[in-house]
Structure formats: structure tokens, C-alpha cells
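Some notes on the structure that comes next.
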Amino acid sequence: MRRGLRPGPPPHPRGRRRGSGCPAERQQRILPTHYFHVVFTLLAELRPLALVSQQTVFDLLFQFASQTLLTLGRDPKRLGADIGVTAVLHIWSRDLSFHPHLHCVVTGGGLSLDGSR
């Protein structure tokens, strides 16, 4: 058992159990496509800079990650569409060392660039 953590599964919001699914109102907002999990990690050499200038470094990490994903999605040789991206910043690893990285949920489809579909 890891020190400082209680044993057993993590707690769930509002007492829901794992596997109970999304509430109906959330299910209606989910796009009918598949999703991908993409992670962008800040280079180890830049971590000391991130410790002293967090706002700037983390803003740049979000900006570069989103621009990269949107550019790849818009490429006609790839998808040729505007994709959806949700990103979450994590700054610690499991062993609680400073390890800034973005977890991105990316749609497997998107809106066509000409707006036709």
C-alpha cells in the first residue's frame, strides 16, 4: 500500500459507483464519435523554468499542444476538419515529483473546414 493513501477504490462523486454510467443530461452532450487520449509532457530541461515562471510556461504548454492538435486535425491528408479538444494540466507524477504534463481528450472526427458536414 502506498503511504498516505487509503486502501480501496477511489471515492465517486455523489455516491455513484464505478460503471454506473453518465447521467442522461451528460450523455446528450457527448458527440457521436470516438475519442483519443493524448499526453504532452514538458521536457525535463524546462521544468526548473516552469517552477519560477509557472503562468508563462503552462500557458505556452496549452497553446503549443492545442495548436499542434488543431493543425494536425485540419491537415487534408489526415482528417481535414476542426476537431474538439479538452485539456487538463497535471503538475505532479504519481510519486509526487514535479512533472508537468497535459492530458488531452481529442475527438476522432470533427466539423469539415468548408462547413458542409
>> Place a point 7 Å from the Cα of Phe36 along the Cα-to-Cβ direction; which residues of segment 90-117 have their backbone N under 19 Å from it?
In response: 102-113
>> What distance in nm separates the two pseudo spin-label positions at Thr68 and Glu25, each 7 Å out from Cα along the beta-carbon direction?
In response: 3.6 nm
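Values in this text are rule-based calculations from the coordinates and carry no lab data. Since this is a predicted model, take the numbers as computed values, not measurements. Cβ: placed from backbone, ideal geometry, glycine included. Neighbour counts: every protein chain shown.
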